[in-house]
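Engineer: One structure, pasted below without further comment.
A short reminder: the numbers here are calculations on the coordinates, not readings from a lab. None of these values were measured; they are calculated from a predicted model. Note that we place each Cβ from the backbone using ideal geometry, even for glycine, and neighbour counts take in every protein chain shown.
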Amino acid sequence: MLYQYTIIPSSANLPYDSVTPSPTQADPDINTVLRTFRGLDGTKTSPELLDIGGETIRKYTAEFWTPRQRQASSIHEISYRACFKPQLPRFFIDSLTKAGDLVYDPFSGRGTTVLEAGLCGRNVVANDANPLSRIMTEPRFFSPDPDVVGKRLKAIPRSAGSADIDLSMFFHPDTEKEIVSLKNYLIDRNDHARMDQIDRWIAMVATNRLTGHSKGFFSVYTLPPNQAVSPQSQQRINKKREQVPEYRDTYQIILKKTRSLLRSLSAAEKSNLVRAGKSALFLNGDARTTPQIPDNTVQLTVTSPPFLDIVQYREDNWLRCWFNNLDRDTVGKGITMARTVDEWCAVMGRVFVELCRITRPGGYVAFEVGEVRKRTIRLEEQVIPLGKAAGFTCKGVLINQQSFTKTSNIWGVDNNACGTNTNRIVVFRKHDPDQDSDPNTSQS
Ligand SMILES: C[S@@+](CC[C@H](N)C(=O)[O-])C[C@H]1O[C@@H](n2cnc3c(N)ncnc32)[C@H](O)[C@@H]1O
């Protein structure tokens with residue numbers, strides 16, 4: 001299915017099945033995309049002009065993508081704090097890359113950018129300071145046969161004792177035993193270097209099913225799955241709702257979610273993902289230092305960094321860390337939690353320097369920031385000088401206005417911390433001496 005809006009160049013918006021590299025594709029250019037963009041109502045988008053440090057930057061506001069235009073792949077449907085919807089990276093991947101190009105996300109989270117790029121036949125690099133990011137992302141490049149997952153689950157004993165911490169407020173005792181059995185099995189496989197893609201898939205699904213607000217999760221009713229509450233808060237929830245944890249068949253839940261994640265994947269998409277996954281780099285470090293990525297190699301980065309101190313990744317992830325045998329304090333230490341705009345800019349300035357090193361001449365960065373502190377802080381305006389100081393040219397700011405529906409809120413837009421529903425993306429380009437006569441005049 002094609003997007004319904006009109007974008008030139010026509011290399012954009014290929015269905016996933018048509019990603020054969022074509023040497024005749026024009027070099028992608030964001031100016032052409034923005035100049036010729038027409039919204040769903042067919043009207044051309046005219047920019048507002050921003051004055052940033054004496055330079056005029058164009059700001060385009062429109063509904064650039066919506067859930068209605070294209071159903072996202074089911075493979076994305078795992079939850080993660082402050083993730084964006086797949087339509088966001090898809091817009092830039094379609095517009096600014098060709099098949100075989102390298103797409104990167106330095107703050108990869110649940111892996112939305114790299115999975116979407118993999119589906120489209122691009123090569124990928126993902127990085128995140130939180131090791132859970134790789135646990136959630138890598139297995140989804142290698143779709144398993146659900147029958148093989150079922151067989152593997154059957155072979156795992158369900159007899160281990162209870163957990164080393166009190167989890168009785170979340171799980172029925174028999175459910176807890178199953179979770180502990182699975183956890184021990186995965187540790188054992190890992191310790192003996194026997195962990196394979198099926199084990200990784202099971203670990204990914206189980207991590208995502210630990211807690212949630214329906215019978216599709218292992219726990220009694222609690223907050224949505226990307227935020228584990230503390231044991232004390234859960235006790236309060238149980239008291240208020242007069243609930244006790246019921247038994248949940250964890251292995252049936254894993255199997256059901258496996259089928260659901262795979263339900264929309266075509267054979268071509270599966271093979272695109274496997275190809276991208278095999279050559280992918282999954283890094284677990286600080287976005288400021290990524291020596292594993294060679295200079296001048298990345299065509300497009302699509303990313304959204306942590307926004308000041310809004311999301312408590314360390315607190316939210318304590319149960320997921322426990323299940324994956326990770327120390328949450330160590331995990332928490334790597335995650336940037338800037339309290340002030342200056343602190344945030346100091347970190348992001350260094351991220352941009354690193355992005356400029358790895359971006360190839362003529363390549364792009366689409367940097368998404370949220371609306372923070374009730375829109376009193378416009379991070380997009382802070383970001384422009386940082387990108388420029390690192391050596392990029394700012395090509396404009398895109399504000400995607402979304403029609404806010406209940407379903408569109410399920411899997412992606414919870415970075416709208418103030419209940420707003422826009423994505424704010426600053427687009428940068430790296431100077432290409434072979435194409436641009438003068439870096440200062442190359443900005444249109
Ligand atoms: C807003 S989330 C990204 C969500 C992602 N776009 C998605 O769709 O899932 C920000 C991510 O940055 C990671 N992070 C925070 N500080 C980091 C750092 N200094 N280097 C790399 N990753 C970091 C967090 O662990 C979190 O996953």
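Engineer: Can you figure out the FRET efficiency of A193 with D249, using R₀ = 35 Å and their beta-carbon distance, to the nearest 0.05?
Structural biologist: On the way: r = 30 Å, r/R0 = 0.86.
After rounding to 0.05, the efficiency reads 0.70.
Engineer: Still on this model: Quick one: divide the alpha-carbon radius of gyration of the range 157-265 by 2.2 N^0.38 Å and tell me what you get.
Structural biologist: Details: Rg = 14.4 Å, N = 109, 2.2 N^0.38 = 13.1 Å.
Compactness ratio reported: 1.10.
Engineer: What whole-number distance in Å separates the alpha-carbon centres of the range 232-262 and the range 143-171?
Structural biologist: Using only Cα atoms, the two centres lie 13 Å from each other.
Engineer: Sequence neighbours fewer than 8 away in the same chain don't count; with that in mind, list the lysines whose C-alpha is under 24 Å from K154.
Structural biologist: By straight Cα distance, K154 reaches K177, K183, K215, K256, K257.
Engineer: If you take every residue apart from N208 with its C-beta less than 11 Å away from the C-beta of N208, what net charge results, scoring Lys and Arg +1 and Asp and Glu -1?
Structural biologist: After counting each charged neighbour, the total is +4.
Engineer: Also: Round to a whole angstrom and tell me the spacing of the C-alpha centers of the range 340-368 and the range 277-299.
Structural biologist: Measuring centre to centre over Cα atoms gives 14 Å.
Engineer: In nanometres, what is the gap between the two model label sites at K278 and L223, each 7 Å from Cα along Cα-to-Cβ?
Structural biologist: Going from the K278 label point to the L223 one covers 4.1 nm.
Engineer: Moving on to the next point. Cβ neighbours within 10 Å, averaged per peptide: list 386-394, 122-130, 316-324 in order, most packed at the top. Intermediate results must be reported in sequence, preceding the final value.
Structural biologist: On the way: 386-394: 19.7, 122-130: 25.0, 316-324: 21.7.
Top of the packing list down: 122-130, 316-324, 386-394.
Engineer: Could you give me the ³J(HN,Hα) list for the range 43-53, computed from phi with Karplus coefficients 6.51, -1.76, 1.60 and θ = phi - 60°, whole Hz, x at Gly and Pro?
Structural biologist: These are the phi-based 3J(HN,Hα) values: 7, 6, 8, 9, x, 8, 9, 9, 9, 10, x Hz.
Engineer: What list of ³J(HN,Hα) couplings, whole Hz, do you get for the range 290-298 from phi and the Karplus terms 6.51, -1.76, 1.60, once you set θ to phi - 60° and write x for glycine and proline?
Structural biologist: 10, x, 5, 9, x, 4, 6, 10, 8
Engineer: Starting from the Cα of K59, draw a straight line to each of the aspartates and glutamates and keep only those under 15 Å, dropping any in the same chain fewer than 8 residues away.
Structural biologist: Candidates past the 8-residue exclusion: E48, D51, E368, E380, E381.
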